[in-house]
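**Q** Just dropping this structure here.
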Amino acid sequence: MLLEMLKDLLAITRFDTNGGFLIPYFLMLFLEGVPLFYMELAIGQKMRLGSIGAWSAISPYLGGVGLASVVTSLYLCLYYNVINAWSFWYLFHSFQSVLPWAECPINSNRTAPIEECQRATPTQYFFYRETLDISSSIEENGGIHTGQALCLLLAWVITYLFIVQGVKSTGKAVYFTATFPYVVLFIYLIRGVTLHGAINGVKYMFTPKMEQLANPTTWINAATQIFFSLGLGFGSLIAFASYNQYNNNFERQAIIVSLINSGTSIFASIVTFAIYGFKATINYEDCLERTRLLLLNAFSLAEDSITLDNVFEWIEKLNTTYPQQFAELANKLENCDLESELDTAVEGTGLAFIVYSEAIKNMPLSQLWSVLYFIMLLLLGMGSMLGNITAIITPLRDFKVISRMSNEMFNGLVCLFCLLLGLGFTTTSGNYWFTMFNDYGATFSLLFIVLIEVITVSYIYGIRRFEKDIEDMIGHRPHWFWKIMWAGVSPLLLITLFIFYIVNYIQGGTPTYQAWNKELGKSVVTEYPVFGQVFIGLLLVSSVSCVPLTALYVYCRKRKHGHHKRQRTVSTVSA
């Protein structure tokens, strides 16, 4: 169960945390997360099978639910280990006297910094040019980035070594990958809260933005965050619970792990936003300093007359006293706003690599903090990969053909397959495909899978039958709260979110992505080409279509089998 907590720690890189987000996050946790976590543990422990076998045991027509979970987990595995490859890349580059993202490299003429880096920032340049060697659009493809390909190979080799002996070796690996990051996070907490301006980031995190509650996307993001955090819908919970003892108290585990999970998420968020606050404050004060120097030079003022604390007072004073002269400076004055800096700090792809590395470079002993951070990120990522890959391997091993293969061979073939497909993410346009998988590969599928799961348990398998199974395993029936969630609240919420997702997707027009423009030194919003839109459609449909297609296959097979049986009966009577 420790393994599932790791998802939320790494999910901090995609955590949309502020006061307006925390409200739907906690509501989704108690109305969706904990009840469905409980339900999946109960199913896995009762059926003693992976996701495909467990749902097929409930009804042969529902084997597609488990297959959809396997497909979704496969998509996640393909791009998830790319994050680990990036972490290896940054870790290896941290052992230098000057961090390579701390300053711009010199051009080939040795006369000045590279122009692309000057237009952007050193951290952006290192991520987009050195790490990704990114193209200007998804349509411009190039060769494989050798360094990234080797890092991805290393990530998959380590993943294989963790799972080579099956779930037993996975469990041993989790003890280390689960505990060490807490040590690093605690060290970072002490360092983070002592940084200049850290309190600004923490205040930003807990300051409510109530207008977000009216935005359906906020609720969808909150649900998705919970699904990723707890591993709902991926099949990993069912897979791990299938190895539990029959009388294991999974009810207690569901509550404890869910609460620890969310507590860890908030803890990690505080650490992260303390560092974001430091970065934003530094940028804000740099902006004020540039404005101060501009005013001092333009109006020939004494050096100590304007300070960072009274810049805005002087702007208002000079604008009133010298309106014509001040108007000439209007185009040169920057809009220094701490809130805007904080908004910028928590947006965009490569969040953990651009924003965090920019904050690290401004710390004393930056190499030490960089090594600690990327080791932590690696352990979190590798721990999450163990759950992701187990969600694929366990259900597939329930098939007779695969069960005859050794763990070493089958697990190796799965890792090799994922590695070969994942190499596409190391090309120059690979990051755009990474973004596509990240945005569309799981959210829609998870909403659908979890909705089918809770409807199946409540209305096909039956709540009464399910609570008897629970009583048989843990000695008592579930509390009325769980039954109300399973039968009413959770399905209604999921249906609402599912409809909102479809409506938002249709009304949103052509899907867009952030393309890196090296001439401007920043990302620009770009529409996906036709082939990209078609691929997005395939991502959305491929996993959910497993449910109806499997049901249709089972129906046709039974009908064919029944037809042959009737024919044999008629032949016997005729004889």
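The values are calculated or read from the model by the stated rules, or taken from the named source; none is laboratory data. Bear in mind that the values here come from a model prediction, so they are computed numbers and not experimental data. So basically every Cβ, Gly included, is an ideal-geometry build from the backbone, and we count neighbours across all protein chains shown. Ligands, DNA and RNA are excluded from the accessible area calculation, which covers all protein heavy atoms including side chains. Shrake-Rupley method; radii C 1.70, N 1.55, O 1.52, S 1.80 Å.
**Q** Taking the conditions exactly as written (touching a residue at least 40 places away in the same chain (Cβ under 8 Å), crowded, with 21+ Cβ neighbours inside 10 Å and small (Gly, Ala, Ser)), does Ser366 satisfy them or not?
**A** Criteria not met by Ser366.
**Q** Which of the residues that make up region 149-171 are farther than 15 Å from Met385 by Cβ and modelled with pLDDT under 95?
**A** Answer for region 149-171, where residues must be farther than 15 Å from Met385 by Cβ and modelled with pLDDT under 95: Gln165, Gly166, Lys168.
**Q** Looking at (1) open to solvent by less than 50 Å² (accessible area, probe 1.4 Å); (2) modelled with pLDDT under 90; (3) closer than 23 Å to Met28 by Cβ, which is the one condition that is false for Leu296?
**A** All conditions are met except number (3).
**Q** Just a yes or no: is a residue in region 184-199 hydroxyl-bearing (Ser, Thr, Tyr), open to solvent by 40 Å² or more (accessible area, probe 1.4 Å) and part of a helix (DSSP H, G or I)?
**A** no
**Q** If you go through region 492-505 one residue at a time, do you hit one that is open to solvent by 90 Å² or more (accessible area, probe 1.4 Å) and closer than 30 Å to Thr435 by Cβ?
**A** yes
**Q** Can you tell me which residue is least open to solvent (accessible area, probe 1.4 Å) among those in region 518-542 that are among the β-branched types (Val, Ile, Thr) and within 30 Å of Phe126 (Cβ to Cβ)?
**A** To start, the set of residues in region 518-542 that are among the β-branched types (Val, Ile, Thr) comprises 524-526, 530, 534, 536, 541.
Retained after the next criterion (residues that are within 30 Å of Phe126 (Cβ to Cβ)): 524-526, 536.
Values: Val524: 43, Val525: 105, Thr526: 42, Ile536: 0 Å².
Looking at the filtered set, the residue picked out is Ile536.
**Q** If you don't mind, there's one more thing I want to ask. So, restricting to helices (runs of 4 or more DSSP H) that lie completely within region 274-372, which ones have at least 2 residues that are under 38 Å from the mean Cα position of the chain (by Cα) and within 30 Å of His93 (Cβ to Cβ)?
**A** 338-345, 351-361
**Q** Can you tell which of Ile455, Ile470, Ile463 is farther than 28 Å from Cys77 by Cα, among the hydrophobic types (A, V, I, L, M, F, W, C), surrounded by fewer than 18 Cβ atoms within 10 Å (Cβ to Cβ) and in contact with a helix residue (DSSP H, G or I) (Cβ under 7 Å, 6 or more places away or on another chain)?
**A** Ile463 is the lone residue from the list that is farther than 28 Å from Cys77 by Cα, among the hydrophobic types (A, V, I, L, M, F, W, C), surrounded by fewer than 18 Cβ atoms within 10 Å (Cβ to Cβ) and in contact with a helix residue (DSSP H, G or I) (Cβ under 7 Å, 6 or more places away or on another chain).
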